[in-house]
Amino acid sequence: MACFQLRLKDASKAEITEATKRLMPISQAHDVAFLLNDDPALAKELATDGVHVGQDDMPYKEARALVGDDMIVGVTCHDSRHLAMEAAERNADYVAFGAFYPTTTKDAKTTASPEILEWWSDFIEVPCVAIGGITVDNAAPLIKSGADFLAVSGGVWNYETGPKQAVAEFNRVIDMIVAT
């Protein structure tokens, strides 16, 4: 796991702060970057490793100005090449495409095709993240299409034999594809 994103959409600032204080040291002790979702100001205040902003959150340019150059700033780009190009041109640390599959984690605004990952990885150096409904069983096409990272929530937390086994299975799938 390269990164942990704390995504508590309906939580108060106090609840997010408490969760960050508990989880960020664990994440960082394992060399896993800790990102906060949606709130660049709180990410800066809590000194997280970075923030992920969606299209309905603070614009990338403002988020970057707020958190500075040393924090990670990633941007949701849905299924839009244009939004992704804009984010990359403004020096986003990564762009996120999705949802690739049906998801219960949030209401997906778009459905993305693995083809966007192929296009992106063929022409752009900024890393891309695949988001939305990703499980051990459906991750392979996204990895083969060029996803640098997979953003997985339910596919880990709802895995029938537990999150630890889910991470092990995702790693097995990734290793198998990388080896070919």
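Values in this text are rule-based calculations from the coordinates and carry no lab data. Given the structure is predicted, the values throughout are model-derived calculations rather than measurements. Glycine gets a Cβ as well: all are built from the backbone with ideal geometry, and neighbour counts include every protein chain shown.
Can you pull the percent of Cα pairs in the stretch 91-136 with separation above 14 Å? Present the calculation step by step, with values, prior to reporting the outcome.
Values: 506 of 1035 pairs.
More than 14 Å apart: 49 percent of the Cα pairs in the stretch 91-136.
Mean residue ellipticity at 222 nm from the helices of the chain, using -39,500 (n - 2.57) per DSSP H segment of n ≥ 4 over the full residue count, to the nearest 500 deg cm²/dmol? Working shown, then result.
Details: 8 runs with 77 residues, N = 180.
After summing the helix terms and dividing by the residues of the chain, the value is -12500 deg cm²/dmol.
What value does the chain have for Rg/Rh, both radii from Cα atoms and Rh as Kirkwood defines it?
On the way: Rg = 15.7 Å, Rh = 16.7 Å.
We get a ratio of 0.94 for the chain.
Quick one: grab Rg to one decimal and Dmax as a whole number for the stretch 17-96, Cα atoms only, in Å.
Reported Rg and Dmax, both Å: 12.6, 38.
Need one number: nm distance between label points at Asp70 and Thr180, each 7 Å from Cα along Cα→Cβ, rounded to one decimal.
4.3
For the stretch 123-165 and the stretch 1-53, compute the distance between their C-alpha centroids and round to whole Å.
One Cα centre to the other: 20 Å.
Using only the Cα atoms of the stretch 100-180, build the gyration tensor, take square roots of its eigenvalues as a ≥ b ≥ c, and label the shape rounded, prolate or oblate: rounded if a/c is under 1.5, else prolate if a/b is larger than b/c, else oblate.
Working: a/c = 2.36, a/b = 1.23, b/c = 1.92.
Oblate is the answer for the stretch 100-180, as a/c is 1.5 or above yet b/c matches or exceeds a/b.
Neighbouring Cβ atoms within 10 Å as the yardstick, rank Trp157, Trp119 fewest first. Please list the in-between numbers first.
Numbers: Trp157 11, Trp119 16.
Fewest to most other Cβ atoms nearby, the residues stand as Trp157, Trp119.
Place the peptides 47-53, 163-169, 94-100, 61-67 in order of packing, highest mean first, counting for every residue the other Cβ atoms within 10 Å and averaging per peptide. Provide the component values of the computation, followed by the final result.
Values: 47-53: 22.4, 163-169: 14.7, 94-100: 25.6, 61-67: 17.6.
Result, highest mean first: 94-100, 47-53, 61-67, 163-169.
Determine, for Arg22, Arg90, the number of other Cβ atoms within 10 Å of each Cβ, and report the residues in order from fewest to most. Can you show the working numbers first?
On the way: Arg22 9, Arg90 14.
With the sparsest Cβ surroundings first, the list reads Arg22, Arg90.
Lys and Arg at +1, Asp and Glu at -1: add these up for the other residues within a Cβ distance under 13 Å of Gly155 and post the number.
Spelling it out: positives minus negatives among the neighbours equals -3.
With 25 Å as the limit, write out which pairs from Lys9/Lys109; Lys13/Lys61; Lys9/Lys61; Lys44/Lys164 have Cα-Cα distances beyond it, or answer none.
Where the Cα-Cα span goes over 25 Å, the pairs concerned are Lys44/Lys164.
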